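Okay, structure first, notes after.
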Amino acid sequence: MPIVKAKSEENIIAANLLVDNGKLASSIHCLYYSCFQLSKYVLAHYEGLNYDIQDRETKSVDSHFYISSHISEKLSKKNRFYGIDYNTYYGILKMLRKRADYSNEEITDRDVVRAKDSAEKLNKLLTEKYGIL
C-alpha cells in the first residue's frame, strides 16, 4: 500500500484510539490529517500530480489550500456537487482542527462527532469517486 494512503488510514485508527482515551483535541487533528493525506494520495495516483510535483508547487504557497483546491476542482469536473461536498466536509474539518490545535476553547464530544462525520463522508467521497480500494 502506498505510504501516504497508509498514513491516512493510520490517522483514522489513531483518532479512534484518542477518542477512546479522552484525547478529543488530538483526535480531531488526526481526522483532519487523514483527509488531507487521502487528498494528496488521490492527486498523486489518480490526477497526475505526483508527490514531487505537489512538494515543488507548494514551496511558496499554503500546501493545504493547494491540495484542497486542486481536489475540489478535479471533483467538480466529475460533478459540481462532488466539489461542493468536498469543500463542505474539508471546511468543517479545517475549522475544527484550527480550534483543536490553536484555540483556548475546549473540544467537546459534539465537536468530535462532527469531525468524525465529516472525515468519514470526505474519505468515502474520494474512495467512491476514484474507485480506491
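Some notes on this structure:
- The lone exception for Y82 - which of (1) open to solvent by 50 Å² or more (accessible area, probe 1.4 Å); (2) hydroxyl-bearing (S, T, Y); (3) in contact with an Asp or Glu (Cβ under 9 Å, 6 or more places away or on another chain) it fails: (3)
- Test: S63 is under 13 Å from the mean Cα position of the chain (by Cα), open to solvent by 20 Å² or more (accessible area, probe 1.4 Å) and over 20 Å from I132 (Cβ atoms): yes
- If the condition is being part of a loop (DSSP other than H, G, I, E, B) and within 10 Å of I28 (Cα to Cα), then segment 82-133 contributes only I107.
- Take the conditions (1) within 18 Å of Y130 (Cα to Cα); (2) open to solvent by less than 50 Å² (accessible area, probe 1.4 Å); (3) in a helix (DSSP H, G or I); (4) of a type in the set (A, V, I, L, M); A25 misses just one of them, which is (1).
- Residues of segment 28-54 classified as charged (D, E, K, R) and part of a helix (DSSP H, G or I), total: 2
- A Cβ distance below 8 Å, combined with a sequence gap of six or more or placement on separate chains, defines the contacts here; from segment 99-115, residues that are on the phi < 0 side of the Ramachandran plot and of a type in the set (K, R) reach residues that are surrounded by 17 or more Cβ atoms within 10 Å (Cβ to Cβ) and in a helix (DSSP H, G or I) in the pairs R99/I28; R99/D111; R114/I92; R114/L96.
- Residues in segment 109-128 include at least one that is surrounded by 18 or more Cβ atoms within 10 Å (Cβ to Cβ) and either farther than 18 Å from E9 by Cα or at pLDDT below 95 (or both).
- Matching residues in segment 113-122 - criterion: being in contact with a helix residue (DSSP H, G or I) (Cβ under 8 Å, 6 or more places away or on another chain) and within 14 Å of S34 (Cα to Cα): A115, K116, S118, A119, K121, L122
- Count of residues meeting criterion [modelled with pLDDT of 95 or more, among the hydrophobic types (A, V, I, L, M, F, W, C) and farther than 22 Å from I107 by Cα] in segment 1-56: 9
- Inspection of segment 29-52 finds no residue satisfying the criterion of being under 20 Å from G131 (Cα atoms), touching a Ser or Thr at 6+ places or on another chain (Cβ under 6 Å) and open to solvent by 40 Å² or more (accessible area, probe 1.4 Å).
The values are calculated or read from the model by the stated rules, or taken from the named source; none is laboratory data. Keep in mind it's a predicted model, so treat the numbers as computed, not measured. Note that we place each Cβ from the backbone using ideal geometry, even for glycine, and neighbour counts take in every protein chain shown. Accessible surface areas use protein heavy atoms only, side chains included; no ligands, DNA or RNA. Shrake-Rupley method; radii C 1.70, N 1.55, O 1.52, S 1.80 Å.
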